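This report concerns only the one structure given below.
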Amino acid sequence: MLRKNIMLLSCGTNACFNFCKQVSEHFSTKFNLIGVDTNPRNQVASSVYLNRFYQVFPTSDHRYYDQILEIIRREKVEFLLPSFDQDQQLFNPQNTDLQNLGCVSLGVGSECLAFYGDKRKTTETLKNLGFKVPLQFELDEIVEDRVYFVKPINGVGSIGATLATGKEIVEKFRLNFLYQEVCSKPEVTVECFYDGNFFSSRCRERLVSKS
């Protein structure tokens, strides 16, 4: 049986490393792993499990999109696994360029992407679905001597997220940020897996943020 080709974008992430390790150890006879990353191969830990590796332009580079499509075409990639938010936006399952190449994206669908990349929309969606979410404040509701949790609306990886007093917020008047109540510790991350029939989740305390 011919092995299927899976390509991973931003393959240097922890999630991609674990994915490559599991596929290599348990399904190596069924899949070839192709990874791309902005870093060179010797700086990408998951490369030890890859069949082929490509160093590519950053996602912010206008050449990135066509470069990825060319690699998919050259390697006859059948499944694409996007990691970061920008990859999810560019290469979602509804992408017609991928469909024309016979490549299936394992990323987030367009129905979720409508609110996935915007934390304000995500908060509103979760609230409407009945989830408890942190209290959110508009700029005209900010009290100077109160401490708030501040984060970019389109942020990733905790970059730009911080605690700030109302006085600091008013003085800086930052646009495109959310201002929320400070929640009590511990901070818990939930890892979820769902394939349409089976659902699994694991909770873990978040000990450190990359930023």
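Bear in mind these aren't lab numbers, they're just calculated from the coordinates by the rules spelled out. Values in this document were obtained by computation on a predicted structure and should not be read as measured data. Please note: Cβ atoms are built from the backbone with ideal geometry, for glycine as well, and neighbour counts cover all protein chains shown.
At-a-glance table
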item: In Hz, Karplus ³J(HN,Hα) per residue of region 55-61 (6.51, -1.76, 1.60; θ = phi - 60°; x = Gly, Pro); result: 8, 10, 5, x, 4, 6, 7
item: Under-5 Å amide H pairs with residue 153, H placed in peptide plane, nonlocal only; result: 177, 178
item: Hits among lysines - C-alpha to C-alpha of residue 132 under 23 Å, sequence gap 8 or more where chains match; result: 119, 121, 151, 185
item: Mean Cα-pair separation over length for region 100-163, i.e. relative contact order, pairs under 8 Å, 6 or more apart, %; result: 26 percent
item: Set of lysines near residue 4 by C-alpha distance (under 20 Å), chain-local residues within fewer than 8 positions excluded; result: 21, 30, 76
item: Most positive-pole-ward Cα, 159, 176, 188, against dipole of the chain from beta carbon charges; result: 188
item: Two-decimal Rg to Rh for region 1-83 - Kirkwood Rh, Cα set; result: 0.95
item: Most fluctuating residue given options 39, 100, 154, as computed from a GNM of the chain linking Cα atoms under 10 Å; result: 100
item: Dimensions in Å of the chain - Rg and Dmax from alpha carbons; result: 20.0, 66
item: Over region 126-180, relative contact order from alpha-carbon pairs under 8 Å, at least 6 apart, %; result: 42 percent
item: On Cα atoms only, tilt of 119-128 relative to the major axis of the chain in degrees; result: 80 degrees
item: Long-range HN-HN contacts of residue 32 with modeled amide H, under 5 Å; result: 4, 5, 6
item: Spatial separation of Cα centroids for region 80-120 and region 129-184, in angstrom; result: 28 Å
item: For residue 84, residues with placed amide H under 5 Å, excluding near neighbours; result: none
item: The chain, relative contact order in percent, only Cα pairs under 8 angstrom and at least six apart counted; result: 13 percent
item: Segment residue 76-residue 182, length gained on full extension (0.36 nm per residue, minus Cα span); result: 33.3 nm
